[in-house]
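Enquirer: Take this structure first; my questions come after.
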Amino acid sequence: MMFGSNTLGNGWVVPADDAAITAATQLLMAGQLVAIPTETVYGLAADAQNAEAVARIYAAKGRPDFNPLIVHVRDQKAAEKLGVFNATAQALAEAFWPGPLTLVLPLQPDAPIARSVTAGLPTIAIRCPAHPLMQALLLKSGLSLAAPSANPSGSISPTRADHVLKGLGGAVPMILDGGSCSAGLESTIVAVRDDGWQILRPGPVTSEDIENVIGYAPLAATNGLIEAPGQMASHYAPSKPVRLNVIASEPDVYLIGFGAIAGDDNLSATGDLAQAAAHLFEALHTADASAAVAIAVAPIPHEGIGIAINDRLARAAVR
Ligand code: AMP
Ligand code: MG
């Protein structure tokens, strides 16, 4: 692994001190990419207003251009320049921002955003992240930052700087190392509509958390309509076959355990789902790099953040 403060060479993992934050701010303001930790996963950030910078994200990830990006903002005031907030959106932002919740809102007609960010949709996905490093960059640069997960499209999301280096090393001028991500799963995505709300991607903020704030249940799923274009069946996929709900180890299979099912690694020996979420992608990265021919995962309770864990595992298992 390469360490250092050189911001010109590619693939540099840089400890996130003040000098590195200043250098990262300059890169972002110049339309370059920087990989940045957030509380969910590492993001690959670029100036959301700069079409060339946004194009660099799609190119570095090999991401299909119909898959829109989440825009990260400093606060709700900045978000209101991009999306139209109704009372539901207001309540959700007040309750969960800064934090791991993304709101899909009607796009403001004059939003200062490159069209490619929303892939031409009349809506925009916005999040106000809590991580102090991402907050520092938003504040220092004054930019809104488009930032999908910092991994090649379709592969396992990164929760550590070395995961980013392994997946995208040569394609990113700078990787800010802020340690492991605390939540470890991508943000919950909620579509806010005139007549209610809907979860487009389960995540660290659960459906119950949201219902407790809004006071009523989500709208029924829209049949046959792909609302979140990036939510492909196969995603987060390791290079090896993944089997789910496995309760016993087999030769040549790397077993990721949970609770009493020990395995080669264990997402949480005490059966703590938040701990399991934080460890999930790291466990998949390690399993993928092992000598085993396949990966097996113990059953995860389908409740709370376990729903988001099972969503990611189901996509990891589709090849
Ligand atoms: P990522 O940035 O990789 O975490 O993925 C962001 C995801 O947000 C995309 O794959 C879409 O599923 C979703 N998304 C972004 N913008 C919109 C939008 N305007 N409407 C619905 N979903 C969106
Ligand atoms: Mg992603």
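Enquirer: With respect to residue 53, determine if the residue is open to solvent by less than 10 Å² (accessible area, probe 1.4 Å) and farther than 17 Å from residue 126 by Cα.
Expert: Criteria met by residue 53.
Enquirer: Working only within region 130-154, note down all residues that are out of contact with any strand residue (DSSP E or B) (no Cβ under 7 Å at 6 or more places or on another chain), within 11 Å of ligand 1 (Cβ to nearest atom) and small (Gly, Ala, Ser).
Expert: 153, 154
Enquirer: Considering only region 79-136, how many residues are within 16 Å of ligand 2 (Cβ to nearest atom) and modelled with pLDDT under 95?
Expert: 1
Enquirer: So which strands (runs of 3 or more DSSP E) stay within region 184-296 end to end and still have 1 or more residues that are more than 20 Å from residue 70 (Cβ to Cβ)?
Expert: Because the criterion is at least 1 residues that are more than 20 Å from residue 70 (Cβ to Cβ), the strands (runs of 3 or more DSSP E) in region 184-296 that meet it are 196-201, 253-257.
Enquirer: Determine which member of the set 115, 127 is within 10 Å of ligand 1 (Cβ to nearest atom) and of a type in the set (Lys, Arg).
Expert: The match here is 127.
Enquirer: For region 148-178, how many residues are part of a loop (DSSP other than H, G, I, E, B) and among the charged types (D, E, K, R)?
Expert: 1
Enquirer: For region 203-246, enumerate the residues that are in contact with a Gly (Cβ under 6 Å, 6 or more places away or on another chain), at pLDDT 95 or above and open to solvent by 30 Å² or more (accessible area, probe 1.4 Å).
Expert: Within region 203-246, no residue meets the criteria.
Enquirer: Something else now. May I ask you to list the residues in region 180-191 that are open to solvent by less than 30 Å² (accessible area, probe 1.4 Å) and away from ligand 1 (no atom under 11 Å from the Cβ)?
Expert: 181, 183, 184
Enquirer: Looking only at region 162-173, decide whether some residue is under 12 Å from the mean Cα position of the chain (by Cα), closer than 24 Å to residue 307 by Cβ and within 16 Å of ligand 1 (Cβ to nearest atom).
Expert: Scanning region 162-173 turns up no residue that is under 12 Å from the mean Cα position of the chain (by Cα), closer than 24 Å to residue 307 by Cβ and within 16 Å of ligand 1 (Cβ to nearest atom).
Enquirer: Quick one: in region 285-305, which of the residues that are touching a Ser or Thr at 6+ places or on another chain (Cβ under 9 Å) and closer than 25 Å to residue 199 by Cα is most open to solvent (accessible area, probe 1.4 Å)?
Expert: The residue in question is 303.
Enquirer: Inside region 161-215, can you point out the residues that are within 14 Å of ligand 2 (Cβ to nearest atom) and of a type in the set (D, E, K, R)?
Expert: Correct list: 186, 201.
Enquirer: If you don't mind, another one. So which pairs qualify, if the first residue must be in region 272-286 and among the small types (Gly, Ala, Ser), the second must be open to solvent by 40 Å² or more (accessible area, probe 1.4 Å) and at pLDDT 95 or above, the Cβ gap must be under 8 Å, and the two must be at least 6 apart or on different chains?
Expert: From region 272-286, the pairs are 278/180; 278/182.
The values are calculated or read from the model by the stated rules, or taken from the named source; none is laboratory data. Because the structure is a prediction, the values reported are computed rather than measured. With ideal geometry, Cβ positions are generated from the backbone for all residues, glycine too; neighbour counts draw on all protein chains shown. Please note that ligands, DNA and RNA were not included when accessible areas were found on the heavy atoms of the full protein model with its side chains. Shrake-Rupley method; radii C 1.70, N 1.55, O 1.52, S 1.80 Å.
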